[in-house]
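For reference, the structure is listed below as structure tokens.
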């Protein structure tokens, strides 16, 4: 998808905008709304496979997150943090598994080009609070705090769940993705040196 905000779409006012089909003209694999002046795909949709309706896509289009995209921490039930190395190792492994699951969900959402299910880190105290986007309505996003990752901070003005401006979430994700890419390039450069 090419546009993600009011201002990005507003930039195309007065441009020649068309709907284009890709693939077989009678049964296109994809339809897109494109700006002919800029050569930009404003947004597009793929045809559901075999003519079936994809319930996941329906949930995403409705602005509701699908259940398998909701982060749920692994349980620490039965884990006793008694100060022993084994207990702390188990706790650390559980947190690492939770982080890996959250990273995987976030990467899938990013690959889809969707904000729904993306993960937002907000600096707080000596670390950051982690929230996941669970719903989008108009210009607002509902975020829910993720736990089981370490300090499990909550932003006081957000609590466990909050509605925030979608533009804020977009900017936050853009900054996070750019920072992640920068560190990735830096690691690649060090590995090749």
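Every number in this text was worked out from the coordinates using simple rules, so none of it is lab data. This structure is a prediction, so every number in the text was calculated from the model and none was measured. Quick reminder, even Gly has a Cβ in these numbers, built from the backbone with ideal geometry, and neighbours come from all protein chains shown.
Counting beta carbons within 10 Å around each of 36, 135 and listing the fewest first gives the order 36, 135. For the range 142-193 and the range 9-24, compute the distance between their C-alpha centroids and round to whole Å. Here the answer is 32 Å between Cα centres.
Among rounded, prolate and oblate, which fits the range 60-192 when a ≥ b ≥ c are the square roots of the eigenvalues of its C-alpha gyration tensor, a/c under 1.5 means rounded, and a/b larger than b/c means prolate? Oblate shape, in that a/c is at least 1.5 and b/c is the bigger or equal ratio. Gain on full extension, evaluated as 0.36 nm per residue between residue 21 and residue 128 minus their Cα-Cα distance, stands at 34.1 nm. Sorting 187, 108 from the fewest to the most surrounding beta carbons within 10 angstrom yields 187, 108. Going by the alpha-carbon gyration tensor, a ≥ b ≥ c the square roots of its eigenvalues, is the range 90-132 rounded (a/c under 1.5) or, if a/c is not under 1.5, prolate (a/b greater than b/c) versus oblate? In terms of gyration-tensor shape, oblate.
For residue 179 and residue 29, what does the FRET efficiency come to when R0 = 35 Å and r is the distance between their Cβ atoms, rounded to the nearest 0.05?
Calculated transfer efficiency: 0.50.
The stretch between residue 92 and residue 10, if pulled fully straight at 0.36 nm per residue, gains 24.8 nm over its current Cα-Cα span. Between residue 104 and residue 72, the contour length at 0.36 nm per residue exceeds the alpha carbon distance by 10.3 nm.
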